[in-house]
Amino acid sequence: NYYVVREPGRLIVEDRGGEMDYDLVIPRVEPIFGLVALCPGIRLQEMSMDAIKEEALRHMQELYGDKPMTFKVNARRSNKGFGVASMQIAADVGEYILDHMPNMTVNVKTPDVVLNIEVRNRIYMYSKIIKTYGGLPYGSSGKGVSLLSGGIDSPVATWMMAKRGVEVEGVYFHSPPYTSEWAKQKVIDLAKRIADFTGEFKLYVVSFTDLQLYLLENVPHDKLTIHLKRAMMRAAEKIAEKDGAWSLITGESVGQVASQTMQGIYAINAVCNMPVLRPLAGMDKQEIVDIAEKIGTFETSIQPFEDCCTIFVAKHPVTKGNLKRIKKSEEHLDDVIDDLMKKAIDSTEIIHVK
Ligand code: ATP
Ligand code: MG
């Protein structure tokens, strides 16, 4: 019997069937973007000072028992029909608690506990505030397609843009049999974790084997990574156009690997017209890892199944991919690349993760 009620500045989740089961409700509400904090609390049945005092005492006793503690009462009254001013409510309730709980002392500057009382159309009371992720309501900023690998970075990048209200879809390029089913499952597991925040998540699994093998044989080996990334961007852009998305998202972080130099990013970026969002561009690895741990993708990301086979990784990759030369080595391959890409996209598997 859960209901969500809109109040100025608050969304109130109510269980009209009785006592709220916080262990059930908090984990479901916590990941919702656009919420700043959760305040597990109570709503009073009655609109009276007696009811406030009684509930306040019960709340404080239940949560804080007889441990020695400092507290203060914060009252806010937006409903002026309630005859007692907020200062008076705070003073009366404070005094009532002091009278009945010898373990409590008042400290207005740095209290251990702040008991909040909000007099709206009904009266609400809470003393715990759980900070959540903030951000913007999911989907309020338009759609983006995220290049999602099984690594640490791209799930974090995807999550960060989702947090800013971007409706995200994922594209994973895999190369069976060079990459295993395990690697694919890992990406699906990461998508599931993202879906805990977004509600659902559409994942494209594009088989890139033929295209990768073709590039392996036909471009200079030291520039293979850049050509491969360009092919991924092109394919992702096609999917984005088809789905009405306005941007691509990657987990690139400047300087992290050879292809993530300014020149590398320049050469990769030049292949597509859509804006490419790189929320991790200026972050250190440890900062990225910290977020991955916080949002619960890290453990999955570090499982050992690689998302790209070693035969496709250049031993001595260039760090200064010259766009002119890269374009030149792709020029005579363009038709085949287009054809292979079309085939890859046509045979895409779409997985709806919830
Ligand atoms: P990640 O930790 O996200 O795997 P990375 O540190 O391995 O990134 P790169 O391999 O250079 O860095 O990849 C840069 C970005 O390209 C990734 O963050 C991701 O957005 C995209 N990408 C790389 N490989 C794939 C893939 N197999 N499928 C989809 N996107 C990919
Ligand atoms: Mg990777």
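Please report, in debye to the nearest 20, how large the charge dipole of the chain is about its Cα centre when each Lys and Arg carries +1 at its beta carbon and each Asp and Glu carries -1 there.
1000
Rolling a 1.4 Å sphere over the protein heavy atoms, what is the accessible area per residue of the chain, to the nearest Å²?
52
Roughly to the nearest percent, how much of the accessible area of the chain is carbon and sulfur, given a 1.4 Å probe?
52
In percent, how large is the relative contact order of the chain, given Cα pairs closer than 8 Å and 6 or more residues apart?
Over the chain, the number comes to 18 percent.
Quick check on the chain: helices-only [θ] at 222 nm, where DSSP H runs of length 4 and up contribute -39,500 (n - 2.57) each and the sum goes over total residues. Nearest 500, please.
One gets -12500 deg cm²/dmol as the mean residue ellipticity at 222 nm.
Hey, can you rank 10-22, 174-186 by average C-beta count inside 10 Å, highest first?
174-186, 10-22
Give, in nm to one decimal, the length gained when the segment between S78 and Q263 is fully stretched (0.36 nm per residue of separation minus the Cα-Cα distance).
60.9 nm
Find the centroid of the Cα atoms in the stretch 161-206 and in the stretch 8-70, then give the distance between the two in whole Å.
36
What order do you get for 322-331, 55-64, 232-241 when each peptide is scored by the mean count of other beta carbon atoms within 10 Å, highest first?
Ranking the peptides 322-331, 55-64, 232-241 by packing returns 232-241, 55-64, 322-331.
Greater than 30 Å separation of Cα atoms is the criterion. Which listed pairs, K242/K285; K184/K342; K192/K324; K186/K343; K131/K192; K131/K354, meet it?
K242/K285; K192/K324
Taking a temperature of 25 °C and a viscosity of 0.890 mPa s, what whole-number D in µm²/s does Stokes-Einstein yield for the chain with Rh from Kirkwood over alpha carbon pairs?
Estimated diffusion coefficient is 104 µm²/s.
Let's see if you can work this out: charge +1 on each Lys and Arg Cβ, -1 on each Asp and Glu Cβ, no other charges. What is the dipole magnitude of the stretch 174-316 about its Cα centre, in debye to the nearest 20?
Computed charge dipole of the stretch 174-316: roughly 300 debye.
Can you give the local net charge around A270? Use residues other than it whose beta-carbon is closer than 9 angstrom to its beta-carbon, Lys and Arg +1, Asp and Glu -1.
Local charge sum for A270: +2.
Using 7 Å Cα-to-Cβ label points, what is the M47/R122 separation (nm, one decimal)?
Those two pseudo-labels are separated by 1.3 nm.
Which net charge results for the neighbourhood of H316, defined as the other residues with beta-carbon distances under 14 angstrom from its beta-carbon, given Lys and Arg at +1 and Asp and Glu at -1?
Every neighbour counted, the sum reads +2.
The values are calculated or read from the model by the stated rules, or taken from the named source; none is laboratory data. Fair warning: this is a prediction, and the values are worked out from it, not measured in the lab. Positions of Cβ are backbone-derived with ideal geometry, glycine not excepted, and every protein chain shown enters the neighbour counts. Please note that ligands, DNA and RNA were not included when accessible areas were found on the heavy atoms of the full protein model with its side chains. Shrake-Rupley method; radii C 1.70, N 1.55, O 1.52, S 1.80 Å.
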